[in-house]
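What follows draws every value from the coordinates through simple rules; no lab data is involved. Here the structure is a predicted model, which is why all the values come from computation and not from measurement. FYI the Cβ positions are ideal-geometry reconstructions off the backbone, even for glycines, and counts take in every protein chain you see.
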Ligand SMILES: Nc1ncnc2c1ncn2[C@@H]1O[C@H](COP(=O)(O)OP(=O)(O)OP(=O)(O)O)[C@@H](O)[C@H]1O
Ligand SMILES: [Mg+2]
């Protein structure tokens, strides 16, 4: 055992996640029940439906996480839970469940910022279990797993947030820049819908873009001068205009004239070309600003997190540019970039080690900020 064993609960949005994480690094189990398929029919998340689904799944997810780790409650040193930001009803399910466990088991309770979880996913690694084919290729705790080094620059790109922060030590964040309107993930989701690619748009756009043979349509980039801020709402408007022009070429009605985008689809070649152009625009700005921030703050590592960090092209491009800049890039496995309990267990362990304890009056903070400028 190296460090506390934290039971961590994540329920801020549409994934019910529970994990057991040792010492803020080693994953003993990480179970996620995703509602993505359930919300796909509505084309987005319905908050009341999400909260009810958390209630439905949280006990089976806990059982599976405990079983997967081979742990009993007596082994657990602390219970960590996401307290915000997120959907109030969804957060409350996880928080109340965590309180009940902490109370019943007489364990300390630690509240964690969801965005901090996305950053701390960079510290995670799978525990290697003897004889387990699933973890056979993974590295165990002592085998030189690369780890973020301070000072670092963290880019978090998720469904609700896009920001760059500098960390000079654990749990301290200085905001370098953030989106002034939409989050990058939100832009992926909206443009995915305009293109008729379905929900969530991020993975769908990535898949479509990979098949693009024509790459001629250029989408605008919002640089916002030499700030580290981002803006994606103009891109969304431009995307609507570009999609409409393409629809006209293909003899389809304008988006405004059809009740749902799936009333007449662009050809898959056109979808792919536009998905490619859109993705390039978003990734160009994200990568360029992150590398500049790393250089200007003399960062010793770059950390990437949040659902959009599951994007293969973003990971590859940022990795290549980070090599050029001589700054190591740490990116969690794609499944640890989207919402999960393990990332809350990683951040929770550092908060626990710093002596933080939440009372049973811990409340949901739907707009909890992470960093200040
Ligand atoms: N391969 C991918 N390429 C681009 N975007 C992706 C990819 N996979 C997931 N995403 C996007 O990631 C987002 C979901 O990320 P995440 O689960 O971290 O968001 P969230 O928890 O809803 O928001 P937040 O973390 O801001 O509260 C969605 O917008 C989704 O489209
Ligand atoms: Mg998230």
To the nearest 10 degrees, how steep is helix 201-210 against the longest Cα principal axis of the chain, on a 0 to 90 scale?
60 degrees
With the crude spin-label approximation of a point 7 Å out along Cα→Cβ, what separation in nm comes out for residue 367 versus residue 170?
3.2 nm
With Cα coordinates, the longest principal axis of the chain makes an angle with the long axis of helix 268-296, in degrees rounded to 10, of 50 degrees
What's the angle, to the nearest 10 degrees (0 to 90), between helix 47-69's Cα axis and the longest principal axis of the chain?
50 degrees
Starting from the Kirkwood radius over alpha-carbon pairs of region 152-327, derive D by Stokes-Einstein at 4 °C in a medium of 1.567 mPa s and give it in µm² s⁻¹.
78 µm²/s
Packing-ranked peptide list from 347-356, 185-194, highest mean Cβ count within 10 angstrom first, is 185-194, 347-356
Just order 85-97, 50-62, 222-234 by mean Cβ neighbour count inside 10 Å, highest at the front, would you?
85-97, 50-62, 222-234
Summing -39500 (n - 2.57) over the DSSP H runs of n ≥ 4 in the chain and dividing by its residue number, what mean residue ellipticity at 222 nm do you reach, to the nearest 500 deg cm²/dmol?
-13000 deg cm²/dmol
Using the per-residue mean of other Cβ atoms lying within 10 Å as a proxy for protection, in what order, highest first, do the peptides 238-244, 362-368 fall?
238-244, 362-368
Using a 7 Å offset from Cα along Cα-Cβ at residue 316, what residues in region 190-230 end up with backbone N under 11 Å from the label point?
210-211
tail above 37 Å in the computed P(r) of the chain, as % of all Cα-Cα pairs, reads 21 percent
Spin-label point model (7 Å from Cα, Cβ direction): what's the residue 267 to residue 357 distance in nm?
6.8 nm
Could you give the nm distance between label points at residue 257 and residue 335, where each point is 7 Å from its Cα heading toward the beta carbon?
4.7 nm
With 0.36 nm assigned to each residue of separation and the Cα-Cα distance removed, residue 296 to residue 56 gains 81.7 nm
Residues 372, 168, 317, sorted so that the one with the fewest Cβ neighbours within 10 Å comes first:
372, 168, 317
